[in-house]
Amino acid sequence: MEIYNGKSVFGGIAIGRISVYKKGEQQVKRNRITDVDAELSRFEDAKKTAIEQLQGLYDKALKEVGEANAAIFEVHQMMLDDGDYNESIANIIKSQEVNAEYAVASTGDNFSQMFAAMEDDYMRARAADIKDISERIISILSGKGDNAIGADEPAIIVADDLAPSETVQLDKDMVLSFVTVHGSLNSHTAILARTMAIPALVGTPLPLDESVDGKLGVVDGAAGVIYVDPDEKTLEAMKKKQQEELQKKELLQSLKGKENITLDGQKIMLYANIGNIKDLATVLQNDAGGIGLFRSEFIYLESEDYPTEEEQFLIYKQVAETMAGRRVIIRTLDIGADKQCDYFEMEHEENPAMGCRAIRICLTRPEIFKTQLRALFRASAYGNIAIMYPMITSVKEVKKIKEIVAEVKAEMDAAGIPYGNPEQGIMIETPAAVIVGNELAKEVDFFSIGTNDLTQYTLAIDRQNTKLDEFYDSHHPAILRMISMVVESAHKAGIWAGICGELGADQTLTKEFLAMGVDELSVSPGSILPIRKIIMETDVAKYKAGR
Ligand code: PEP
Ligand code: MG
């Protein structure tokens with residue numbers, strides 16, 4: 001047994017096979033074959049398996065995220081049966097006498113380039129689907145099973161580091177736990193692990209080779225430990241701990257449907273953070289009162305090109321409809337810093353966290369912003385959508401946003417496009433926004449404090465730098481005082497203020513937030529019921545008297 005210590009991102013016990021995640025797309029080699037017929041039937045068999053996998057994914061998605069989102073798996077099944085696509089693969093195998101993997105990869109490349117060059121938005125968007133189905137077949141042909149991580153059963157994913165764009169694309173049903181060698185506690189990958197509510201560690205110095213890959217592993221998330229090839233005694237102890245945690249979770253289920261109200265009658269909204277439409281099932285399972293932060297930039301990170309207005313509209317509409325009248329706060333894209341999209345073609349920056357990110361991109365490239373705003377406003381006719389703008393530092397920025405919103409509305413009016421009347425709020429995640437909070441509060445409908453960035457910018461600490469984790473003190477008095485100031489500014493102007501940064505889920509501060517009068521906490525879905533329990537057991541007046 002080998003034991004490696006890392007930093008805990010999310011608690012819980014995971015027991016399973018370890019799979020070392022290798023970056024990059026699958027490398028396909030061109031091999032000469034002698035038996036063409038055998039190769040053709042290898043391809044046919046793989047295609048059959050792919051169609052079965054897609055049917056399984058369709059059925060699962062239908063239950064979890066509804067028909068509109070499940071439809072993509074049906075489309076993929078149809079694409080796999082497309083005559084031209086199949087003919088091209090068969091021709092390459094026959095004429096070049098090469099392996100099926102190579103034939104599928106080159107057909108996938110050709111077809112996706114062809115689609116990418118088309119005029120029509122819908123057809124252009126199919127380029128990514130062609131790549132997707134081709135990669136699925138290649139995975140099957142090379143015996144890797146049904147997922148990008150190369151595991152055919154749920155596994156503990158061990159990697160050097162994971163970019164948010166990689167994490168978001170992992171099939172979460174196949175991931176028992178994340179363990180990375182690098183990565184900081186405040187990175188978006190860590191945040192995604194919390195949203196998925198799976199045990200996760202960062203900063204774990206373990207080798208990424210055969211001494212780990214394929215071995216049985218146990219991750220103790222809370223303790224920050226991974227055991228590779230555990231001995232009998234450890235395995236038994238961990239199984240017992242896993243069972244106990246499961247029982248604790250089940251107990252919390254009894255809090256579903258209960259109000260978030262303290263013993264002395266103070267209410268607070270308890271919402272969920274999501275990065276993806278796939279997270280909706282856990283939001284509903286954990287009884288969130290709404291969505292307090294939908295990080296819309298993940299839609300961009302998952303795409304190979306700018307997501308169209310229609311694509312975004314369908315996603316936002318789906319979220320709004322699924323949440324059935326509950327508030328859904330969608331943050332406009334926060335690309336930049338660690339969330340990079342190649343197709344944005346951003347210039348290299350020495351200090352990306354302080355560079356052209358989030359609202360700064362939107363204000364300097366209004367065509368991108370307007371596409372998203374149109375999608376959001378249109379979708380707001382289908383539910384209780386609120387729009388939230390990130391990285392605000394001044395009233396001037398808010399006024400500029402309002403001008404762009406007015407233009408978008410005027411264009412939609414002229415075109416006779418219906419839209420709703422969403423609330424519009426801002427994130428408070430820069431010290432400047434805290435200081436001018438009184439003025440900002442007069443301009444917007446709500447505040448949501450992004451403590452991750454607020455801590456980074458207040459303490460002058462790069463949240464991505466794992467070496468600085470010990471200095472990243474989100475309990476610093478400056479941060480707590482700022483949160484209190486923001487709540488005061490909001491209440492003075494008659495608007496509400498919440499916290500959607502990771503600190504909102506810090507259970508050691510729940511009472512303090514109640515005492516400050518915070519109106520909303522938006523946390524990872526798995527944190528909702530534990531926090532509800534604390535709220536229901538708190539007497540705020542008594543707590544205030546004793547602090
Ligand atoms: C934050 O900064 O606290 C926040 C919620 O936004 P993100 O973590 O996505 O930067
Ligand atoms: Mg932020």
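For the stretch 36-141, what is the accessible area per residue in Å², given a 1.4 Å probe and the full set of protein chains?
Roughly 49 Å² per residue, with all protein chains present.
Ranking Glu39, Glu367 by solvent-accessible area of protein heavy atoms (1.4 Å probe, all protein chains present), from largest to smallest, gives Glu367, Glu39. Model label points for Leu263 and Leu284, set 7 angstrom from Cα along the Cα-to-Cβ axis, are 3.6 nm apart. Return the FRET efficiency for the residue pair Ala460, Glu367: r is the Cβ-Cβ distance, R0 is 30 Å, and the value is rounded to the nearest 0.05. My answer for the efficiency is 0.35. Volume per residue of the convex hull around the Cα atoms, evaluated for the chain, comes out as 161 Å³. Candidates Val218, Leu206, Leu280 compared by Cα position along the dipole of the stretch 178-307: farthest toward the positive end lies Leu280, with charges placed on Cβ.
Could you tell me which residue out of Gln242, Gly355, Ser41 lies farthest along the dipole of the chain toward its positive end? Charges go on the beta carbon: Lys and Arg +1, Asp and Glu -1, centred on the Cα centre. Positive-most Cα among the choices belongs to Gln242. Measuring spread by the Cα atoms of the stretch 255-546 yields a radius of gyration and Dmax of 18.5, 60 Å. Computed over the chain, the per-residue total of -39500 (n - 2.57) for DSSP H runs of n ≥ 4 gives a 222 nm mean residue ellipticity of -14500 deg cm²/dmol, rounded to 500. Among rounded, prolate and oblate, which fits the stretch 321-442 when a ≥ b ≥ c are the square roots of the eigenvalues of its C-alpha gyration tensor, a/c under 1.5 means rounded, and a/b larger than b/c means prolate? Prolate, since a/c reaches 1.5 and a/b exceeds b/c.
For a quick protection proxy, order the peptides 309-318, 89-98 by their average other-Cβ count within 10 Å, most packed first.
309-318, 89-98
Solvent-accessible area of Asp445, all protein chains in place: 70 Å² (probe radius 1.4 Å, heavy atoms, ligands and nucleic acids excluded).
Using 17 Å as the cut-off for backbone N distance, which residues of the stretch 447-469 belong to the label zone defined by a point 7 Å from the Cα of Glu350 along Cα→Cβ? Answer for the stretch 447-469: 462. Dipole of the chain computed with +1 at Lys/Arg Cβ and -1 at Asp/Glu Cβ about the Cα centre; of Ala505, Tyr85, Ala337, farthest Cα towards the positive end is Ala505. Placing a label point 7 Å from the Cα of Asp305 along the Cα-to-Cβ direction, the residues of the stretch 340-364 whose backbone N falls under 14 Å from that point are 343-344. Show which lysines lie in cross-link reach of Lys172 when reach means a straight Cα distance below 18 angstrom and same-chain residues fewer than eight apart are skipped. Output for Lys172: Lys22, Lys23, Lys60, Lys63, Lys144, Lys278.
Taking the protein heavy atoms of the stretch 36-141 in the context of the full set of protein chains, the accessible area attributed to carbon and sulfur is 50 percent at 1.4 Å. Give the shape of the stretch 468-547 as rounded, prolate or oblate, defined through the alpha-carbon gyration tensor: a ≥ b ≥ c are the square roots of its eigenvalues, a/c under 1.5 means rounded, and otherwise the shape is prolate if a/b is larger than b/c and oblate if not. Here the stretch 468-547 falls in the rounded category.
On the accessible surface of the stretch 425-476, probed at 1.4 Å, how many percent belong to carbon and sulfur atoms?
Taking all protein chains in place, the stretch 425-476 shows 52 percent carbon and sulfur surface.
Its Cα centre serving as origin, the chain has a Cβ charge dipole (Lys and Arg +1, Asp and Glu -1) of approximately 2120 debye.
Heavy-atom accessible surface of the stretch 169-316, averaged per residue, reaches 41 Å², computed with a 1.4 Å probe. Normalised by the number of residues in the stretch 31-122, the average gap of Cα pairs under 8 Å and 6 or more apart makes the relative contact order 34 percent.
Working ranking of peptides 429-440, 238-249 by packing, defined as the average number of other Cβ atoms within 10 Å per residue, highest first, is 429-440, 238-249. Share of pairwise Cα-Cα distances greater than 25 Å in the stretch 36-141 is 22 percent (whole percent).
The values are calculated or read from the model by the stated rules, or taken from the named source; none is laboratory data. Values in this document were obtained by computation on a predicted structure and should not be read as measured data. FYI the Cβ positions are ideal-geometry reconstructions off the backbone, even for glycines, and counts take in every protein chain you see. Surface areas here come from the heavy atoms of the whole protein model, side chains and all, with no ligands, DNA or RNA. Shrake-Rupley method; radii C 1.70, N 1.55, O 1.52, S 1.80 Å.
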